[in-house]
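Trainee: Have a look at the structure that comes next, please.
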Amino acid sequence: MSQDNNEDDKNGSRVNGRSLLVWVVLIAAVALLVNYSAPSPAPVQKLGVTQVLSLAKEGKLKTLNVKPDPAAGSDSWYQVEGELLVKSEAADDKTRFTAAGRLTDKEFEALRAAVPKENFKESPAQTGLTMFLYNVLPTLLVSGVVLYMMYRFLKNSQKGAMQFAKSRARLNSTDRETTTFKDVAGCDEAKEEVKEIVDFLREPKRFTKMGASIPKGILMVGPPGTGKTLLARAVAGEAKVPFLSISGSDFVEMFVGVGAARVRDTFDQARKLAPCIIFIDEIDAVGRQRGAGLGGGNDEREQTLNSLLVEMDGFDGQAGVIVIAATNRSDVLDAALLRPGRFDRQVFVDLPDLRGREAVLAVHAKRFQLAPSVDLLRIARITTGMSGADLANLLNEAALHAGRRNREKVEMCDVEEARDKIAHGRERRKGADQEDLRKTAYHEAGHALVQAVLDDGTLPVHKVTIIPRGRALGMAMFMPTKDSFGSSKTWLTRFICTAMAGRVGERVITGDISSGASQDIKQATRMARQMVCDWGMSDLGPISYNENTDTVFLGREISRTQGHSDETARRIDVAVAQIVNEQFAMAEKIIAEHADAHRKIAEALLEHETLDGIHIMEILKTGAIQTPVVGSPVGNPVREATPAGPAPETGTQASPTPA
């Protein structure tokens with residue numbers, strides 16, 4: 001639970017002692033200021049009772065205040081206070097006086113008659129209780145307030161020093177938890193695994209009577225944005241139990257021992273709420289392998305991890321407390337944290353497949369105004385490799401795009417524009433002369449033509465454009481018809497051939513080469529080296545020649561020698577070059593055989609800027625575009641020339657990276 005829900009707040013909001021003390025000091029200062037700034041009273045002269053009676057006979061008394069004085073031991077003893085009205089040149093001068101003495105009833109009545117009725121006051125006699133109330137009680141009250149403020153100040157200062165040890169976990173009560181399994185899509189297998197936790201929390205006797213015990217911990221592993229946190233919230237929502245959520249970084253503090261104290265406090269709160277679920281997000285912040293890294297480990301982090309290990313499965317049992325953690329770096333977690341008894345089960349939440357993406361889109365589409373033309377299945381096909389968070393962002397970007405166009409509903413074109421913006425960047429209407437546009441058009445036409453010729457129906461051309469996006473001056477995008485969980489040698493060589501086709505298409509028209517194909521060359525070379533070193537797709541045989549990739553912070557061996565000889569390294573380079581050169585020659589052959597189609601695709605790009613895959617296939621089969629081009633500019637756009645400089649990537653293949 002958060003620090004705001006501490007014990008001082010059980011009976012209401014806590015009074016801030018420091019603020020109250022400041023107010024008391026301010027009020028006292030104002031009172032003293034008023035007291036010292038007030039004008040000093042006139043001097044008081046002491047007279048005898050006889051003198052007062054004489055003044056009364058002379059009519060020189062203005063006011064009188066007569067009160068008995070029991071402390072004198074006589075009932076006829078009085079204290080007399082009043083003001084003299086001095087009849088002189090300064091008729092308004094007043095002089096205060098006081099007197100004490102014995103008065104008879106006759107003298108008392110004489111004093112009463114000496115002044116007007118409204119100026120005569122007879123005060124009651126003071127008792128010991130009234131004297132105490134008037135003189136002692138204010139002092140006691142002020143002293144009590146000061147002592148109370150000092151006590152609260154000292155208590156809060158001591159507590160503030162210990163607030164570091166309080167848990168920062170946030171409690172989501174069952175009456176506010178609304179997330180259920182219906183809100184989670186795209187990870188059906190993971191939902192099936194965690195449903196056992198829900199069934200156990202609802203009906204524990206069904207499992208315990210057979211001797212089964214519920215897993216103490218579940219570790220959710222997967223790429224970012226796949227819904228690990230959402231799935232944990234759905235478990236708590238379905239089970240109707242308290243849900244404590246905290247981040248792994250909330251445990252770590254600059255003071256040694258604070259993280260361990262927070263872990264203990266979190267589990268203490270969970271035991272009071274049992275059955276309860278503790279969700280630790282990004283647990284790799286606190287659960288990294290101990291003793292790893294250069295220069296030794298972090299004592300604070302290791303103490304925190306040790307406390308977490310003990311709380312999860314130590315000497316004392318944790319009945320009714322289930323720990324769910326999420327991370328996308330399970331490879332760096334400590335082995336003691338992953339053993340059975342702590343995290344008994346690892347649930348892999350992978351990127352959604354085609355059906356999963358369609359289901360995720362259906363969940364998020366409920367809050368958007370979508371037009372009937374929006375096809376969720378088509379969107380799922382063109383968003384291969386996107387996570388649930390990416391798909392939600394895609395629809396949001398589409399809605400923003402539709403809003404900028406003053407549309408009432410989101411159209412399919414808005415979704416495709418949002419997809420291209422997320423994957424490749426925003427359109428840049430960068431000025432370029434006709435020669436640069438022509439070179440880019442033939443470059444992209446080479447990509448599109450070779451892919452259209454080699455494609456077996458699994459990766460058709462989706463769109464080709466010469467409008468700059470990101471760092472690329474143009475690009476050819478392909479849309480897979482199904483999810484691929486592996487890549488064959490044929491598929492990989494086609495990918496390399498398509499990548500090389502841009503350089504070939506550019507050379508056909510200009511007779512020269514440029515740096516625009518740098519990204520294509522990097523992709524092709526990387527793919528060919530993986531074929532040789534990782535996947536055994538060369539004459540070197542099914543042997544892995546990959547170099548050491550261990551990370552330094554894991555504390556593993558750093559200076560490992562190369563796993564093969566220099567001669568083998570030379571043969572690897574030869575094999576990689578052979579694959580790339582063969583596919584380059586294949587691309588040259590295909591473009592030469594379809595030179596007319598290549599030229600027509602490039603000319604169509606210069607005219608329309610963007611072509612769909614259907615237009616590429618129509619040119620390849622019939623020699624002309626049969627379907628109207630949507631959103632085509634009228635005529636060839638005129639653009640201003642840009643200063644000469646290093647050319648960015650001319651084209652980038654927008655196709656999924658093979659597994």
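Trainee: Subtracting the Cα-Cα distance from 0.36 nm times the residue separation, let me have the gained length for T481 to D105 in nm, one decimal. Show your work: numbers first, answer last.
Mentor: Values: separation 376, 0.36 × 376 = 135.36 nm, distance 12.12 nm.
Contour length minus the Cα-Cα distance gives 123.2 nm.
Trainee: Order the peptides 356-363, 49-56 from the highest to the lowest mean number of other Cβ atoms within 10 Å of their residues. Each step should come with its number before you reach the end.
Mentor: Working: 356-363: 21.9, 49-56: 17.0.
Sorting 356-363, 49-56 by mean packing, highest first, produces 356-363, 49-56.
Trainee: Determine the order of T383, T104 by accessible area, beginning with the largest, at a probe radius of 1.4 Å. Show your work: numbers first, answer last.
Mentor: Working: T383 0, T104 75 Å².
Descending accessible area places them as T104, T383.
Trainee: Continuing with the same structure: For the stretch 356-368, what does the Karplus curve 6.51 cos²θ - 1.76 cosθ + 1.60, with θ = phi - 60°, yield as ³J(HN,Hα) per residue in whole Hz, taken in order and with x for Gly and Pro?
Mentor: x, 5, 5, 5, 5, 4, 5, 5, 6, 5, 5, 9, 10
Trainee: How much length would be gained if the chain were fully extended between D353 and N65, taking 0.36 nm per residue of separation minus their Cα-Cα distance, in nm to one decimal?
Mentor: Numbers: separation 288, 0.36 × 288 = 103.68 nm, distance 9.94 nm.
Additional length available on full extension: 93.7 nm.
Trainee: Would you calculate the convex hull of the Cα atoms in the stretch 302-457 and tell me its volume per residue in Å³? Provide the component values of the computation, followed by the final result.
Mentor: On the way: hull volume 36.7 nm³, N = 156.
Hull volume normalised by residue count: 235 Å³.
Trainee: Right, another one. Using modelled backbone amide H atoms (1.01 Å from N, in-plane), which distant-in-sequence or interchain residues come within less than 5 Å of R96's amide H?
Mentor: Here the answer is Q45, L84, since their amide H atoms fall under 5 Å of that of R96.
Trainee: Of the listed peptides 406-418, 217-229, what is their order by residue-averaged count of other C-beta atoms within 10 Å, with the highest listed first? Numbers along the way, then the final one.
Mentor: Values: 406-418: 17.8, 217-229: 21.8.
Sorting 406-418, 217-229 by mean packing, highest first, produces 217-229, 406-418.
Trainee: Rounded to whole Hz and in sequence order, give me ³J(HN,Hα) for the stretch 399-407 from the Karplus expression 6.51 cos²θ - 1.76 cosθ + 1.60, θ = phi - 60°, writing x for Gly and Pro.
Mentor: Karplus-based 3J(HN,Hα) across the stretch 399-407 equals 5, 5, 5, 5, x, 5, 8, 6, 8 Hz.
Trainee: To the nearest µm²/s, what D does Stokes-Einstein give for the stretch 203-254 at 10 °C and 1.306 mPa s, using the Kirkwood radius over alpha carbon pairs as Rh?
Mentor: Values: Rh = 13.9 Å.
My calculation gives 115 µm²/s for D.
Trainee: While we're on this one: Can you give me the accessible area per residue for the stretch 560-629, using a 1.4 Å probe, in Å²? Kindly include the intermediate steps, with their values, before the conclusion.
Mentor: Details: 3800 Å² over 70 residues.
On a per-residue basis, 54 Å².
Trainee: Cβ neighbours within 10 Å, averaged per peptide: list 447-460, 572-585 in order, most packed at the top. List each step's numbers first, then the result.
Mentor: Numbers: 447-460: 21.2, 572-585: 16.7.
Most protected by this proxy first, the peptides run 447-460, 572-585.
Trainee: Skipping prolines and chain starts, which residues have an amide H placed within reach, meaning under 5 Å, of the one on L370, given they are 5 or more residues away or on another chain?
Mentor: It is V410, by chain and number.
Trainee: Let me ask you something else. With just the Cα atoms of the stretch 398-522, tell me how far they stretch along each of the three principal axes, in Å, largest first.
Mentor: The Cα atoms of the stretch 398-522 stretch 47, 42, 22 Å along their principal axes.
Trainee: Another question about this same structure. Output the pairs from K228/K489; K366/K482; K191/K366; K228/K482 with a Cα-Cα distance over 31 Å in this structure; if there are none, say none.
Mentor: Numbers: K228/K489 34 Å; K366/K482 25 Å; K191/K366 21 Å; K228/K482 25 Å.
In this structure, K228/K489 lie more than 31 Å apart at Cα.
Trainee: Still on this structure: How large, in percent, is the carbon and sulfur part of the accessible surface of the stretch 190-287 at a probe radius of 1.4 Å?
Mentor: Numbers: 2180 of 4020 Å².
Heavy-atom surface of the stretch 190-287 belonging to carbon and sulfur, 1.4 Å probe: 54 percent.
Trainee: Let me ask another. Taking amide H atoms as placed 1.01 Å from N in the peptide plane, list the residues 5 or more away in sequence, or in a different chain, whose amide H sits under 5 Å from that of L61.
Mentor: Result for L61 returns L85.
Trainee: Would you kindly find the accessible area of D188, with a 1.4 Å probe and non-protein molecules such as ligands, DNA and RNA excluded, rounding to the nearest 10 Å²?
Mentor: The accessible area of D188 comes to roughly 90 Å².
Trainee: Restrict the search to the stretch 467-527; then list the trypsin sites (Lys or Arg not before Pro) that DSSP places in a loop and that have at most 15 other Cβ atoms within 10 Å of their Cβ.
Mentor: Values: sites: R469, R471, K482, K489, R494, R503, R507, K522, R526; in loops: R471, K482.
Listed in order of number, the matching sites are R471, K482.
Trainee: Given a 1.4 angstrom probe, what's the average accessible area per residue across the stretch 426-529, in square angstrom? Before the final figure, lay out the partial values.
Mentor: Details: 4060 Å² over 104 residues.
With all protein chains present, the stretch 426-529 gives 39 Å² per residue.
Trainee: Can you send over the carbon and sulfur percentage of the accessible area for the stretch 411-515, probe radius 1.4 Å, protein chains only?
Mentor: 51 percent
Trainee: Have a look at Q346, A326, V360 and report the one farthest towards the positive end of the charge dipole of the stretch 307-372, computed about the Cα centre with Cβ charges (Lys/Arg +1, Asp/Glu -1).
Mentor: Positive-most Cα among the choices belongs to V360.
Trainee: So what are the ³J(HN,Hα) numbers for the stretch 203-208, from phi and the Karplus equation (6.51, -1.76, 1.60; θ = phi - 60°), rounded to whole Hz, Gly and Pro as x?
Mentor: For the stretch 203-208, the Karplus-derived couplings read 10, x, 5, 5, 9, 5 Hz, x marking Gly and Pro.
Trainee: Considering only protein heavy atoms, what is the solvent-accessible area of S307 at a probe of 1.4 Å, reported in Å² to the nearest 10?
Mentor: About 10 Å², rounded to the nearest 10.
The values are calculated or read from the model by the stated rules, or taken from the named source; none is laboratory data. A quick note: this is a predicted structure, and the numbers were derived from the prediction, not measured. Counting neighbours? That spans all protein chains shown, and the Cβs are built from the backbone with ideal geometry, glycine included. When the accessible area is computed, the model is the full protein with side chains, heavy atoms only, and any ligands, DNA or RNA have been set aside. Shrake-Rupley method; radii C 1.70, N 1.55, O 1.52, S 1.80 Å.
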